[in-house]
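The values are calculated or read from the model by the stated rules, or taken from the named source; none is laboratory data. Everything numeric here is computed off the predicted structure, so don't read it as measured data. For neighbour counting, all protein chains shown are included, and Cβ atoms are generated from backbone atoms with ideal geometry for every residue, glycine included. Only protein heavy atoms, including side chains, enter the accessible area calculation; ligands, DNA and RNA are left aside. Shrake-Rupley method; radii C 1.70, N 1.55, O 1.52, S 1.80 Å.
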Protein chains: 4
Amino acid sequence: MIDPQSSMRVIHTHPIRIYYEDTDCAGVVYYSNYLRFAERARTEMFRGIGFSNIEYSKCEGITFAVRRCDAEYLKPAFLDDLVEVDTGNLDLQGASFWINQNVRRYRDLLVTMRIRLACVDKEGQVSRIPKQLLTNLQKLNRTVS
Amino acid sequence: MIDPQSSMRVIHTHPIRIYYEDTDCAGVVYYSNYLRFAERARTEMFRGIGFSNIEYSKCEGITFAVRRCDAEYLKPAFLDDLVEVDTGNLDLQGASFWINQNVRRYRDLLVTMRIRLACVDKEGQVSRIPKQLLTNLQKLNRTVS
Amino acid sequence: MIDPQSSMRVIHTHPIRIYYEDTDCAGVVYYSNYLRFAERARTEMFRGIGFSNIEYSKCEGITFAVRRCDAEYLKPAFLDDLVEVDTGNLDLQGASFWINQNVRRYRDLLVTMRIRLACVDKEGQVSRIPKQLLTNLQKLNRTVS
Amino acid sequence: MIDPQSSMRVIHTHPIRIYYEDTDCAGVVYYSNYLRFAERARTEMFRGIGFSNIEYSKCEGITFAVRRCDAEYLKPAFLDDLVEVDTGNLDLQGASFWINQNVRRYRDLLVTMRIRLACVDKEGQVSRIPKQLLTNLQKLNRTVS
């Protein structure tokens, strides 16, 4: 699906319910919490293609570290809202990738994020993305193009 | 259902996936986060009987405040775990109630909580639980007894 | 100092400023965050007698795990409040201890907590509190009696 | 002071101690928490020139909303670290401003953030920055140029 508003090729969607813990006394979702929501959505996208965090770190000895996160806050989310995190526009490189993640409430775009993730080993050194995972990510990326 | 381990009459179960945000550098879920999980589960239990947070506060002018929370930590939860929050043993009074909430991983009891919630109005004064909500809570409570 | 309101023998006080991140859309500090404040205060109390988290875990191979936390919420804290966490009433045993922690705003008692901490090794097994640390805790405990 | 590494004209520095709550099971500070640290530092910078959150929202009827936050993660922070948030390079406009915030551990630059804040009224509408606050921000900004 290509989201008409953000022109993102969406490859994964993850629902998030807003609870008291997510809000602040200005009455809206606190700005750093959208980064948590994005991480939950990435985790579920990875799980959907067969890779859990535990497998990465235990079996492959790698993990993904956020190197960059550019967030634009367009509209606030509120208590009890059911928002969705759309993930797409993967730009895969050998040891890192760019990804777009948007938080929506129905058709209302609330927050857009552009994130760069690097594959790192246990010593924190940059490492190539494991081949099987790279293949699965490429396949997922192609399903919408 | 009566949980054999905790002898709780379970009236509601809510699944929670453990993400990086929930853990700390000791490798386990940080102790205060179980209180967040419990609040998510209570919110969904209330929603299930027709009462959302927004309705309380906007229409009825009331909200529920935690007056007491006694938590016992038996075993840790880890990244990627799918835990469940069981809620039960409601002890309803006119303006407040006691509730038990257990966090389980399959049959492993991880954390037990006993919580007292008070119904308060916009000025923070204790207020009777709205009649319809009380009736629905009593009905829910009876389904397992 | 013995706090007249809570009759706690206070052995350590730690100030906490309330920021947006600590509050929720009910306009008050979210209930689980007081457990964070308590942990910050315990960390600083330990640091004050020469034991940092890193030293425990790296040098001694031990850490402290919360086994129980009973919290009573008396009054709310608000944005911009400067609250203080009083720690006292240590009840030291060989491998664990009970501790009281109160959150105050000036003379107003907001939250009282009674917490049991167990000393655990890297495998999560109960372990005796290292001798030097135990001695320092006993000394600290005696300064107010 | 002009930071040689980031060439930022630093107008305010705020220390942050890293606690368990800030870290995740990868052993480092969780990426969204740096945005919390930045907000704490901005709050203290504002307080230092005589404007608390409460005064804004109660007296002036305005608050500052983050419209954009671009974060670059260079190196991780760890448990027990004492980091500092440098704030500077204010670019004041009539109803919003850009600001740079860097998280350092001594001379090590860990995270750089470029943030745009908009002054909004109670209805969430863009509003001019109150004159006295604008004057004080300009004065603060000039102290280092």
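Structural remarks
- Placing pseudo-labels 7 Å out from each Cα toward the beta carbon at C:S52 and A:L92 gives an inter-label distance of 4.2 nm.
- Pairwise FRET efficiency - D:S6 versus A:L134, Cβ, R0 = 35 Å, nearest 0.05: 0.55
- Within the assembled protein chains, the solvent-accessible surface assigned to C:C59 is about 100 Å², based on a 1.4 Å probe.
- Label-to-label distance, nm, for residues given as D:R105 and B:V126 (7 Å Cα→Cβ offset): 4.9
- Accessible surface of the stretch A:10-142 [probe 1.4 Å, protein heavy atoms]: carbon and sulfur percent: 49
- With DNA, RNA and ligands ignored, accessible area of B:W98 (1.4 Å probe; Å², nearest 10): 60
- Rg and Dmax [Cα atoms of the stretch C:10-142; Å; Rg one decimal, Dmax integer]: 15.4, 46
- Copy-to-copy label separations for C:D121, where each label sits 7 Å from Cα toward Cβ, in nm and ascending: 3.1, 5.9, 6.6
- 29 Å Cα-Cα threshold exceeded, pairs from A:K75/C:K75; C:K75/C:K131; B:K75/C:K58; B:K122/D:K139; A:K131/C:K122: A:K75/C:K75; C:K75/C:K131; B:K122/D:K139; A:K131/C:K122
- Taking a ≥ b ≥ c as the square roots of the eigenvalues of the Cα gyration tensor, the stretch C:90-145 is classed as oblate, since a/c reaches at least 1.5 and a/b does not exceed b/c.
- Å² per residue, accessible surface of the protein assembly as shown at 1.4 Å: 42
- Nearest-10 value in Å² for the accessible area of D:L134, using the 1.4 Å probe: 40
- Between helix B:131-142 and chain B: long-axis angle, C-alpha atoms, 0 to 90°, nearest 10: 40
- Remark: mean inter-chain Cβ contacts per residue of C:31-41 equal 6, using a 10 Å Cβ-Cβ cutoff to other protein chain atoms.
- Summary for C:L92: label point 7 Å along Cα→Cβ; distances to the equivalent points in the other copies, ascending, 5.0, 5.5, 5.8 nm.
- Each other copy holds its own label point for B:C59; taking that point as 7 Å from Cα along Cα to Cβ, the gaps run 4.1, 4.9, 6.1 nm, nearest first.
- Neighbouring Cβ atoms from other chains, within 10 Å of the Cβ of residues in A:47-58, number 2 on average.
- The HN-Hα couplings worked out from phi for the stretch A:29-43 by the Karplus form 6.51 cos²θ - 1.76 cosθ + 1.60 (θ = phi - 60°) are 5, 5, 4, 6, 5, 5, 6, 5, 4, 5, 5, 4, 5, 4, 4 Hz, whole numbers, x standing for Gly and Pro.
- Inter-chain shielding of B:121-128 (mean C-beta neighbours from other protein chains, 10 Å cut-off): 1
- Summary value for the stretch A:10-142: 29 percent relative contact order, contacts being C-alpha pairs under 8 angstrom separated by 6+ residues.
- Between C:L74 and A:R17, the C-beta separation translates, for a Förster distance of 25 Å, into a calculated FRET efficiency of about 0.25.
- Computed [θ] at 222 nm, deg cm²/dmol, chain B (DSSP H ≥ 4; -39,500 (n - 2.57); rounded to nearest 500): -6000 deg cm²/dmol
- Contact surface A-B: accessible area buried, both sides summed, square angstrom, 1.4 angstrom probe: 1800
- Under-5 Å amide H pairs with D:C25, H placed in peptide plane, nonlocal only: B:T23, B:D24
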